[in-house]
Structure formats: C-alpha cells, structure tokens
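The values are calculated or read from the model by the stated rules, or taken from the named source; none is laboratory data. Keep in mind that this is a model prediction, so the values were computed, not measured. For neighbour counting, all protein chains shown are included, and Cβ atoms are generated from backbone atoms with ideal geometry for every residue, glycine included.
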Amino acid sequence: MGSRLSVVNALRGFLPERAILHEEEDTRPYECDGLTAYRQLPMVVALPETEEQVQRILKTCFSLKIPVVPRGAGTGLSGGALPPGDGVLLSMAKFMRPVRVDPVARIAVVQPGVRNAAISELAAPHGLYYAPDPSSQIACTIGGNVAENSGGVHCLKYGLTLHNVLGVRGFTAAGEPITLGGEALDAPGYDLLALAIGSEGMLMVITEVTVKLLPKPQAARVIMASFADVEKAGDAVAKIIAAGIIPAGLEMMDKPATRAVEEFVGAGYDLEAAAILLCESDGSSEEVEDEIARMKAVLEGAGATRMTVSASEAERLRFWSGRKAAFPAVGRISPDYYCMDGTIPRKRLGEVLTFIGELEKKYRLRCPNVFHAGDGNLHPLILFDANDPDELDRTERFAAEVLEKCVAVGGTITGEHGVGVEKINQMCVQFRPDELELFHAVKHAFDPAGLLNPGKAVPTLARCAEHGRMRVHGGKLPHPELPRF
Amino acid sequence: MIELFQERIREAAARGAALRFRGGGSKDFYGNAPRGEVLDTRGYAGIVSYEPTELVVTARCGTPLAELEEALARNFQILPFEPPHFGAATLGGCVAAGLSGPRRAGAGGVRDFVLGTRVIDGRGRDLRFGGAVMKNVAGYDVSRVLAGSLGTLGLIAETSLKVLPRPPCERTLCLEMGETDAIAAMNRWGGQPLPVSATAWHAGRLFVRLSGAEPAVHAAAHRIGGENADQGFWKELKEQTHPFFAGPAPLWRISLPSTATLDLAGEKLIEWGGALRWLKTSASADEVRRAAQHATLFRAGDKSAGAFSPLDAVNARLHKALKAAFDPAGILNPGRLYADF
C-alpha cells in the first residue's frame with residue numbers, strides 16, 4: 001500500500017504535473033459519478049494522454065499494489081466509477097481523438113473519451129451513424145458505454161453496445177497490452193470481447209474502440225398512441241411483435257410520467273391517457289409507410305383511444321423530446337428521485353405495474369413509470385425527499401421490493417445501467433454462490449491481484465452472507481440538464 | 001438428466017478422463033480432432049419455453065435444430081443468425097460451435113442472439129448466466145463466451161435465444177461481376193439503407209438477397225438490378241452442398257475486414273459483404289495465416305497445423321486461465337479448440 005506522496009512521486013516520473021491531481025480542491029469533482037449518493041475522494045487522479053502513460057500508470061499501481069478505477073465522463077448511474085480512497089482514479093477524459101473513420105468498411109476507430117454522439121457526428125458526412133443511443137449520449141463516452149454495455153431507445157432493432165463494437169484495445173491490470181476482436185466479424189478463440197463489454201471496467205482498461213457504423217435510415221416516423229389503461233398498452237406491444245414488426249423504438253410512459261414531462265417540455269402528449277406508447281419505424285420511405293400503416297392497424301385493434309403520426313422530422317423529435325427528458329422532468333416535481341433499471345419478460349408488465357402501484361400506497365411515495373416497452377426494461381422513478389430520513393428509508397425498501405419482483409418474474413436487476421456499487425447487494429438475490437464464485441474466477445483470470453475497480457459489480461460471498469437480502473440506497477442524479485433513460 | 005450430466009462430469013474429473021460432448025455429430029469435423037469418452041447430449045431435448053411475442057425461445061441442448069426452427073416457423077419467426085445444420089445438428093452443438101450462416105453480416109452471429117445459458121462446468125456445477133430477457137447487464141456476460149467455446153468450458157445444457165420475425169418478403173438477385181468489383185459492390189450496398197440480408201460471390205457471379213417489407217424489397221431490387229435467382233442458393237451455401245465445397249482440397253474459412261484484399265492463390269467464395277472468404281488452396285497453413293490473421297482450417301484431411309489461428313501471448317494466457325476457472329481438471333473437450341488446453 002503506497003502513501004499519497006509515494007504514489008504521486010512515482011507518477012511524476014513519467015506524467016506531467018498537470019496530469020496528476022492530488023489536492024482536495026482538484027480531486028473533489030471526481031468524488032462520484034452519476035450516482036451521487038455514494039461519494040469517495042480519490043487518493044490521486046491521473047489524466048493520461050497517451051497509451052504509454054496509461055500502461056506506465058497501470059504498471060506503477062501494479063507494483064505498488066494499489067487499486068485503479070477507470071472513468072469516462074462520469075455519467076454512469078450505478079456508481080461504477082466511484083473512486084478508490086486508497087488508489088488512483090484513471091480519467092480517460094483526454095483520450096478524445098477520433099482515430100479513423102472508414103466509410104467504405106463502415107467502421108470508426110476512436111479513443112475511449114470520444115462522446116457517443118460525436119461518433120455519429122463523425123460518421124454523418126458519409127451517411128452513416130453509430131446506433132446505440134443512451135439518452136446521456138451528448139455527454140457519455142464510448143469507453144463508458146463499453147464498460148456498461150449501454151443501450152438506448154433503439155436497441156430492440158439495432159442492439160446494445162455489445163452488438164455494435166467490433167474490437168477493443170487496451171491494457172490489463174498488470175499493464176500488458178491486449179487486443180480483443182478487431183475489424184473482422186469473428187476472432188479466434190473465446191469471445192473475450194463479449195466478456196470485456198459490460199465488465200464495468202473490472203477486466204481491462206480500454207484505450208481504443210472499433211465500432212460498426214450503419215447507414216442512416218432514409219426516413220423515420222413515430223406514432224403516439226393513447227391507452228385508457230396500462231395493461232392494454234402492454235398488450236398492444238405484444239400484438240405489434242406478434243404481427244411480425246420490430247419497431248425501431250417502442251416506449252411507454254404512464255400518466256404521472258407524461259404529466260411531469262408535458263409541463264417541462266410541451267411534447268404534445270395526451271394527458272388524459274393512462275399510458276402512451278411511442279412506436280417508431282425507420283428505413284426506406286417505402287418501408288416506413290408500410291410499417292406505420294401496419295402498426296396503426298394493430299394499435300387500433302388493441303384499443304388505442306387516440307393516435308398521432310409525426311408529420312415532420314420536427315414533430316418526431318418533439319414526441320421523443322418528452323421521453324428523453326423524462327428524468328430531468330421528474331427531477332423538477334420532486335426534490336429527489338430514485339431510478340430503477342430492472343428488466344422483465346414483457347408479458348409480466350401488467351402484474352409488475354400493479355405491484356408497483358400497491359407499493360406506492362404501502363410506502364406512501366409516488367412512482368411514475370417510463371419503460372423501454374420493446375425490450376422489457378423498466379425505469380420506475382420513485383419520488384422522495386432525501387432530507388427526510390423516513391422517506392429515504394421507505395424509498396430504499398420500495399426499490400428493493402421492485403427489484404426482487406423483477407428477479408421473481410424471471411427478469412434481472414439491471415438492464416442497462418450496470419451493477420456498480422448501487423445494486424451489488426441485489427446480485428446476491430439474482431445469482432447463487434457458485435455463479436458468483438465463477439464471476440470471481442473470471443475476474444481473477446484477467447486481474448489476479450484484484451486491482452482494477454475492486455469491490456464493484458460482483459459481491460463477495462461474505463458480503464452476501466452478511467447482508468442476507470438486499471438493501472438499496474437512494475440516489476440523486478447530477479447533470480440534471482441531461483436527458484436520461 | 002441434468003443430475004446425470006453432473007455426475008458424469010464429476011466422475012470424469014475425479015479420474016482425469018477426457019470427455020467429449022456430442023449431439024448429432026454433425027460438426028465432428030470442425031475444430032481439432034475430438035477426443036475423450038463421448039457424452040451424448042441428445043437425451044436432454046425439447047423446448048423449455050417459447051413465447052413468440054417475447055421474441056425468446058429457451059431449449060435444451062439435445063433439441064434438434066430442425067425441430068427448433070420448425071417451431072419458430074409455425075409462428076413466422078426465425079433464428080436470425082441462420083445457423084448451418086450440416087446434418088442432424090442440435091442446439092447445443094450450434095451454440096458451442098458458434099457458426100452462423102448467410103444472414104450474419106446484417107443480422108449478427110450466434111453470440112449476438114444468446115441471451116442466457118444453463119451450463120454444467122468442469123466441476124459438475126449447474127450454473128445459470130444471463131436470462132430470458134433482452135437486456136441484462138448483471139454480472140459478466142458468460143453466456144456469450146460459451147458461444148463458440150466448442151464445449152471446452154462446460155456443457156451448454158440450455159440456451160435462451162432472441163428470435164426475430166421472418167421477413168415477409170425475400171428476393172434473390174444475381175449479377176455478373178469480377179471479384180474486386182463484387183467486394184466493392186457489397187461494401188457500397190452495406191453503406192446504403194437497403195434491406196440486404198445476404199451477399200455471396202463465386203466464379204464471376206454476385207448473389208444478393210433482399211429481405212423485408214415487400215415495397216422496400218422491390219424498390220431495392222430495382223435499384224440493384226441483375227437477374228432474379230433461385231432462393232435455394234442460400235441453403236446450398238449455408239449447408240455447403242454448393243459445388244464449390246466439394247472436392248478434397250483443404251477448405252479455409254477466413255475472417256477479414258470486409259474491404260480487405262486476400263492475396264492467395266486458390267478458388268474463392270466470398271460471403272458476409274466481403275467479411276468472410278472461403279478458400280480452397282494448396283498453400284501451406286503458414287502462408288495462409290501470414291496473409292490473413294484469422295484463418296480457420298475448416299475441412300481438411302490434415303489439421304496438424306491447428307484448426308484455428310494461434311493466439312498472441314496475452315490472449316493465450318487469458319484463455320488458459322479461463323479454462324482453468326471453468327474446468328480445473330482440464331477434461332472438457334480438451335484440444336478441440338487449441339492443442340494445449
């Protein structure tokens with residue numbers, strides 16, 4: 001274990017002074033990520049600019065046996081980039097170079113600090129784009145997306161980060177260079193790339209990412225459909241799929257959510273509806289016309305009480321603006337809110353929403369729902385006031401019951417936000433000891449000394465035994481200006 | 001049945017005796033030569049759950065792939081990665097081999113559609129990873145690593161797969177074209193919003209399949225041109241009954257960036273928008289692997305050069321460490337993927 005001074009001195013051997021932060025006033029901005037309920041001042045923050053510097057930082061920490069936590073833009077919602085109090089927070093923020101765009105092969109090679117939206121901006125002159133679009137895409141980085149296997153509103157049709165990343169390059173915890181995948185579709189041996197994506201920065205530090213680019217669809221239109229009850233809206237989603245349609249986006253919001261949003265952005269939502277669906281079609285103009293007509297027929301048959309099809313790109317973006325602003329809009333009507341991320345089989349939606357409704361009464365807290373309806377990913381938002389200890393406690397118990405319910409109906413505690421520190425106790429509910437033990441063995445294969453992002457994502461068996469059952473902490477989001485899912 | 005598998009694996013591990021998982025035996029030829037006592041997986045068969053509107057099917061390893069695809073077809077759905085059967089393939093073998101068919105470039109491969117698995121590891125433990133939902137980031141994505149692991153990490157007892165609706169309209173076109181022009185055309189179409197679901201070039205002819213809504217398919221066909229061709233071509237290609245695949249010459253399966261040129265003598269067949277090249281050549285394994293990093297010796301009488309391209313030192317160490325984590329006794333399909341584990 002190194003003291004702060006010994007670590008700083010070791011880093012000074014190869015990093016310029018501006019790349020090492022160790023005074024409290026400089027390290028304070030790094031004390032948390034998007035989950036501000038958890039804070040920890042890092043011992044040292046390192047801001048490397050070259051791959052060689054990253055490698056030397058890792059080798060230095062490896063020899064001093066101190067932990068390293070990689071960080072992108074810090075927009076994560078599960079505390080995956082919570083700093084180590086006794087180690088180095090490795091900020092990849094300076095790795096902002098777009099290395100190469102190959103419009104013919106439809107790939108982009110970028111450094112991990114490049115923002116998600118910037119990749120699509122780079123590709124746009126070639127009629128291409130990068131498909132995964134987490135709603136923090138204007139701020140979040142591709143490195144963080146790889147760490148979390150981020151989703152977005154279009155993943156039912158276009159997949160998650162995992163489906164759109166071809167390769168990564170970087171270093172192991174010991175500082176060995178490592179390349180997984182590449183520019184081809186297949187690579188020899190085990191698919192270690194699949195393991196690295198979504199590993200929450202625990203297996204390697206990424207210094208370069210190769211992503212697939214897709215041709216930008218010629219046209220896109222969205223239907224806004226109103227329903228008199230939430231179950232009917234859920235059934236409508238199943239009927240669209242049963243009709244053989246995979247919409248580009250398929251989102252649901254309940255009345256409390258649309259009301260909060262409407263006041264905030266004026267998206268033009270039907271405020272009398274118990275739930276609204278946003279169903280998007282994209283592709284060639286022929287495809288879109290055909291699909292919109294088929295979806296309208298299905299929605300009508302499923303009992304939609306009102307339908308509006310976007311007539312222009314401006315109107316389409318306006319319909320989406322409400323959905324994309326759901327989190328900050330909710331932030332305006334409540335001092336604090338707690339966002340959950342469970343995924344369930346869609347057919348259990350009615351049951352789970354009814355259950356959440358009962359919990360609202362039981363805990364005397366409101367809980368608007370926004371929902372990636374197409375892929376079963378729920379984001380119930382519990383409204384509370386963190387200054388009231390009793391409300392905080394009720395929120396924690398409320399959230400715990402919801403996540404347990406997600407597991408009980410055959411789903412998962414996290415669809416896209418990651419486990420981080422936030423849901424680490426619930427991992428004990430979702431996985432059995434043998435499975436957790438195998439996760440630790442995977443971690444050990446990559447990082448035998450356990451120095452990369454220790455204590456995140458996979459609980460120790462001792463921790464599970466100690467907690468017995470899950471215990472959830474409330475969280476408040478920084479960057480309230482960012483749209484989020 | 002699961003208990004029997006567990007018992008058999010525990011017993012073999014205790015003896016240090018190699019086990020070889022086998023379903024229909026349709027891919028016995030694939031990878032390095034299998035060795036060990038056969039553990040037949042066909043007794044554990046059948047669909048566990050299938051909800052067409054959830055787009056998820058969960059089935060046991062011994063389920064014949066044909067049976068699974070029939071069940072999907074009855075609901076107008078497909079396995080989007082269009083796996084080859086090569087005979088009496090089972091789901092377990094399909095996932096373990098990780099081979100995908102013509103739709104791979106556009107739709108994705110086996111690993112892209114694996115949502116969850118139930119696996120018996122080398123210690124006989126019954127483990128579940130992932131699940132039956134579309135999005136799940138709890139824990140490392142072990143299920144997808146099992147796809148293509150050739151049974152060296154565990155017996156993939158059950159798999160949950162994402163399925164998709166069968167495209168309402170499909171049409172195949174054929175254009176006369178040389179290799180260079182064909183690769184350029186495949187990449188050009190790939191960059192345009194066209195409903196291309198498969199491409200293949202062989203002996204001066206470029207085949208392209210369009211799949212999707214009828215008006216979109218016809219509009220794209222008009223734009224691409226060429227002659228209408230038989231849809232049966234894709235099955236011949238996928239199942240390797242096409243005449244190209246006949247004959248005794250070693251058959252290489254080469255994975256490349258879609259725009260790459262492959263400078264090797266021999267007969268070629270190109271798929272996946274240029275990203276997959278089949279090559280029949282008399283060139284040595286060294287020559288082939290110097291020209292292309294990821295070259296699999298797919299079918300050959302002599303696989304002494306190793307079926308798969310060698311790994312770099314760091315990857316090789318990680319592979320062995322993972323293998324040891326799943327299978328400490330080293331008894332599961334040893335040598336099938338790489339000679340040393």
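Results, tabulated for the structure shown:
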{"item": "Within the stretch B:223-327, strands (runs of 3 or more DSSP E) holding 1 or more residues that are in contact (Cβ under 8 Å) with a residue 40 or more places away in the chain and among the aromatic types (F, W, Y)", "result": "B:251-255, B:294-299"}
{"item": "Which listed residue is modelled with pLDDT under 95 and surrounded by fewer than 16 Cβ atoms within 10 Å (Cβ to Cβ), from B:R15, B:R35, B:R74", "result": "B:R35"}
{"item": "Odd one out for A:A373 among (1) within 12 Å of another protein chain (Cβ to nearest Cβ); (2) closer than 19 Å to B:R128 by Cα", "result": "(2)"}
{"item": "Helices (runs of 4 or more DSSP H) wholly inside the stretch A:99-178 that include at least 2 residues being hydrophobic (A, V, I, L, M, F, W, C)", "result": "A:116-123, A:142-148, A:155-158"}
{"item": "Tabulated pairs, the stretch A:62-77, first within 26 Å of A:D341 (Cβ to Cβ), second among the basic types (K, R) and crowded, with 24+ Cβ neighbours inside 10 Å, C-beta under 8 angstrom, 6+ apart or interchain", "result": "A:L77/A:R484"}
{"item": "Candidates A:K212, A:K239 - the one that is within 14 Å of chain B (Cβ to nearest Cβ) and over 24 Å from the mean Cα position of the chain (by Cα)", "result": "A:K239"}
{"item": "Count of residues meeting criterion [more than 8 Å from every other protein chain (Cβ to nearest Cβ), free of Cβ contacts under 8 Å to residues at least 40 places away in the same chain and either among the aliphatic types (A, V, I, L, M) or in contact with a Pro (Cβ under 7 Å, 6 or more places away or on another chain) (or both)] in the stretch A:438-463", "result": "2"}
{"item": "Positions within the stretch A:111-149 being touching a Pro at 6+ places or on another chain (Cβ under 6 Å) and at pLDDT below 95, in sequence order", "result": "A:S135"}
{"item": "Filtered residue count, the stretch A:92-113, keeping only those that are more than 14 Å from chain B (Cβ to nearest Cβ) and surrounded by 24 or more Cβ atoms within 10 Å (Cβ to Cβ)", "result": "4"}
{"item": "Unmet requirement for B:S100, which otherwise passes all of (1) farther than 21 Å from A:E437 by Cβ; (2) out of contact with any Phe, Trp or Tyr (no Cβ under 8 Å at 6 or more places or on another chain)", "result": "(2)"}
{"item": "Matching residues in the stretch B:109-148 - criterion: being out of contact with any Gly (no Cβ under 7 Å at 6 or more places or on another chain), part of a loop (DSSP other than H, G, I, E, B) and among the charged types (D, E, K, R)", "result": "B:R123, B:R125"}
{"item": "Restricting the stretch B:38-66 to residues that are surrounded by fewer than 22 Cβ atoms within 10 Å (Cβ to Cβ) and among the polar types (S, T, N, Q), the residue that is farthest from the chain's Cα centre (by Cα)", "result": "B:T53"}
{"item": "Members of the stretch A:29-58 found to be more than 24 Å from the chain's Cα centre (by Cα) and in a helix (DSSP H, G or I), listed by number", "result": "A:E51, A:E52, A:Q53, A:V54, A:Q55, A:R56, A:I57, A:L58"}
{"item": "Filtered residues of the stretch A:443-466 (kept if among the basic types (K, R) and in contact with a helix residue (DSSP H, G or I) (Cβ under 9 Å, 6 or more places away or on another chain))", "result": "A:R463"}
{"item": "Residue among A:S136, A:S150 that is buried (at least 24 other Cβ atoms within 10 Å of the Cβ), at negative phi, more than 11 Å from chain B (Cβ to nearest Cβ) and in contact with a His (Cβ under 9 Å, 6 or more places away or on another chain)", "result": "A:S136"}
{"item": "One residue from B:G92, B:G122, B:G148 being within 7 Å of chain A (Cβ to nearest Cβ) and either more than 30 Å from A:L77 (Cα to Cα) or at pLDDT below 95 (or both)", "result": "B:G148"}
{"item": "Considering residues of the stretch A:381-437 that are within 14 Å of chain B (Cβ to nearest Cβ) and of a type in the set (K, R) only, the residue surrounded by the fewest Cβ atoms within 10 Å (Cβ to Cβ)", "result": "A:R432"}
{"item": "The listed residue being under 21 Å from A:Q430 (Cβ atoms), crowded, with 24+ Cβ neighbours inside 10 Å, touching a helix residue (DSSP H, G or I) at 6+ places or on another chain (Cβ under 9 Å) and more than 7 Å from chain A (Cβ to nearest Cβ), out of B:V110, B:V114, B:V133", "result": "B:V114"}
{"item": "Qualifying positions in the stretch B:222-239 - in contact with a Lys or Arg (Cβ under 8 Å, 6 or more places away or on another chain) and surrounded by fewer than 19 Cβ atoms within 10 Å (Cβ to Cβ)", "result": "B:N228, B:Q231"}
